[in-house]
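J.: This structure is in structure tokens; I'll ask about it shortly.
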Amino acid sequence: MVVIKTFKYRCYPTKEQKRLLAKHFGSKRFVYNYFLNERKSLYLESKETLNYYDNAKSLTALKKDEQYEWLNEINSQTLQAALRDLDTAYNRFFRKQARFPCFKAKHNNQLFRVPQFIKYENGELKIPKFKQPIKVNEDRPLTGKILFATLSKKPSGKYFVSITVETEHTPYAPTDKEVGVDLGIKDLVICSDGTKYSNIKTTNTNKKQLIYEQRQLSKKIKGSNSRWRQRVKVARVHERISNIRHNHLHQTSSSIVRENQTICMETLTVVNMMKNHCLAKAIADASWGELLRQIKYKSEWNERTFIQVDRFFPSSKTCNKCKYIKSDLTLKDREWVCPSCFVELDRDVNAAENILEQGLKIYNSVLGTKSESVAHRATLRKQNKQKREEAFSLEKSTSHETQESLALG
Ligand SMILES: [Zn+2]
């Protein structure tokens, strides 16, 4: 199966390359903001709208202006990509999928895309405008046809390249297991077969270090050099913790997809509806969304059937043996005995079993008219196409994409 994957590697630019990278980050942001401003003011003046081609034409003219001569040092395709992002942001706004585009600030936008002419070999990355290749730490081999690359600088001061490729993926061996998956806080995942995956607990050492470094930061004088250095230290601890979390989520989602052929899960809105009174929600929220996303695309890649249950039903409160609903069940009740059929139930496993049952019911009713393989293949094709479009259109998405290999350390 052909899939689109992103490999993320740490890179080690030279001093000179860092300077040119900084120019690329800055110019890309400048172009984005400049044309956002132009679009906004024209609209206010005359209610006219500009599109990508209008902007691209103006950009060519702008580069001939002495004042903006420095734009010529930048890979022109990178700047055009910024215009495309702006166009995408507008379109998403018009389609009511996103808020109105806003100006990009330096602190959250140290990245740019290289759409074409990328050469990568033996840990050396060649991109337009860079005379020497950039050194890359290839911690796992890059395979496939390169589509585009995104270079970024993190608040920790580290540089990364994400290379998106089209590559052949060998699916996991088929199994006949069906599973319902419930998301939780104490355990991140509870499967209907009783398997539980813990929520990542970043070690105390990391937590202590974060608190220590943050306290140091608060003592520094605003605007001072030492404060700036301390911010980098705090960012590094954050980065380490987020890497641990990210790897843990990947291990969890891979394991669930590897071991099961059919996977039923609730949509996030349903999960939230049921658990929103919980304090740890905010923390769990991010993990849930990411985990769901990973299980979804890994199911596609491995020819698994992924079913989402999006109708609200009391999955925790319903006895999965006799369907009795125990309406006075509280969050504290981890185990309960069904007053109707007297079976002993583990709260979370019972919920997962209900999700599985509900999911299979939905799946079978959908399949009522179509044959399984036809329906499955059609959705796969549609999803793949959508993925590809998304991958191209939104640079922002690179931070959410499949980053199975993270340069740790
Ligand atoms: Zn019962």
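Every number here is computed from the coordinates shown, using simple stated rules; none is lab data. For clarity, every value in this text was computed on a predicted model and none was experimentally measured. Heads up, the Cβs are rebuilt from the backbone with ideal geometry, glycines too, and the neighbour counts pull from every protein chain shown.
J.: Where in segment 316-368 are there trypsin sites (Lys or Arg not before Pro) that are in a DSSP coil and have at most 11 other Cβ atoms within 10 angstrom of their Cβ?
T.: Qualifying residues, ordered by number: Lys332, Arg334.
J.: Could you give the dipole magnitude of segment 178-348 about its Cα centre, charging the beta-carbon of Lys and Arg +1 and that of Asp and Glu -1, in debye to the nearest 20?
T.: Charge dipole of segment 178-348: 1540 debye, to the nearest 20.
J.: List the aspartates and glutamates whose alpha-carbon lies under 14 Å from that of Lys104, not counting same-chain residues fewer than 8 positions away?
T.: Partners found: Asp85, Glu395.
J.: At most 12 other Cβ atoms within 10 Å and a DSSP loop assignment: could you name the trypsin sites (Lys or Arg not before Pro) in segment 73-161 that fit?
T.: Arg95, Lys96, Arg99, Lys131
J.: Which Cα, out of Gln216, Ile295, Cys338, lies furthest along the positive dipole direction of segment 178-348 (beta carbon charges, K/R +1, D/E -1)?
T.: Gln216
J.: A further question follows. Can you list the lysines whose alpha carbon is less than 18 Å from that of Lys15, not counting same-chain residues fewer than 8 positions off?
T.: By straight Cα distance, Lys15 reaches Lys23, Lys126, Lys129, Lys131, Lys135, Lys153, Lys154, Lys158.
J.: Where does each of 190-197, 240-247 land if you order them by average Cβ count within 10 Å, highest first?
T.: 190-197, 240-247
J.: Which one of Phe25, Ala82, Phe93 has its Cα pushed farthest toward the positive end of the charge dipole of segment 1-124, where Lys and Arg give +1 and Asp and Glu give -1 at the Cβ?
T.: Sorting the options by dipole projection puts first Phe93.
J.: Once you compute Rg and the Kirkwood Rh from C-alpha atoms, what is the Rg to Rh ratio for segment 2-168?
T.: In segment 2-168, Rg relative to Rh is 0.99.
J.: Follow-up. So who's got an amide H within less than 5 Å of the one on Leu147, skipping anything under 5 residues away but keeping other chains? H placed 1.01 Å off N, in plane.
T.: Counting only residues 5 or more places away or on other chains, the set is Thr164, Val165, Glu166.
J.: Of all trypsin sites (Lys or Arg not before Pro) in segment 27-66, which ones are in loop regions per DSSP and have a Cβ with at most 16 other Cβ atoms within 10 Å?
T.: Lys47
J.: Could you name the lysines whose alpha carbon sits less than 23 Å from that of Lys298, not counting residues in the same chain fewer than 8 places away?
T.: Lys5, Lys8, Lys145, Lys177, Lys196, Lys361, Lys382, Lys385, Lys387, Lys396
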